[in-house]
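Report on one structure; see the data block that follows.
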Amino acid sequence: MKKKRKIQLARHAGFCFGVRRALKIAENSLTRKKPTVFCWGELIHNACVVQDLEKKGLRV
C-alpha cells in the first residue's frame, strides 16, 4: 500500500535579510559608477540575479 504525500507550499517566498542587504549594497555601488565594482565569487546562488548584476557592471 502506497502512502499519500502531501505537498505544502510556503506562504512567503523571497530572499533572506542578508541577501536583500547584499543586493542593496551591490546595486547602490553600481549606481555610483566610479570605480569598477568587484565581487569575490557569486554574490548569491541565483544565476538570473547574478547575470543581471553583471549586465549592470558587476565583475565576478
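The values are calculated or read from the model by the stated rules, or taken from the named source; none is laboratory data. All of these numbers come straight from a predicted model, not from anything done at the bench. Reconstructed Cβ throughout: ideal geometry from the backbone, glycine too, with neighbour counts over all protein chains shown.
Scanning the stretch 4-13 for residues that are at pLDDT below 90 and not hydrophobic (A, V, I, L, M, F, W, C) returns 11, 12.
Within the stretch 29-48, the residues that satisfy the criterion of being surrounded by 14 or more Cβ atoms within 10 Å (Cβ to Cβ) and either assigned to a helix (DSSP H, G or I) or of a type in the set (Phe, Trp, Tyr) (or both) are 29, 30.
Across the stretch 14-26, the qualifying residues are those that are more than 11 Å from residue 49 (Cβ to Cβ) and small (Gly, Ala, Ser), and the one among them that is modelled with the highest pLDDT is 18. Scanning the stretch 1-17 for residues that are surrounded by fewer than 10 Cβ atoms within 10 Å (Cβ to Cβ) and under 10 Å from the mean Cα position of the chain (by Cα) returns 14, 16.
Sub-7 Å Cβ pairs linking a first residue in the stretch 41-60 that is over 19 Å from residue 18 (Cα atoms) to a second residue that is surrounded by 14 or more Cβ atoms within 10 Å (Cβ to Cβ) and among the aromatic types (Phe, Trp, Tyr), at least 6 apart or interchain, number zero.
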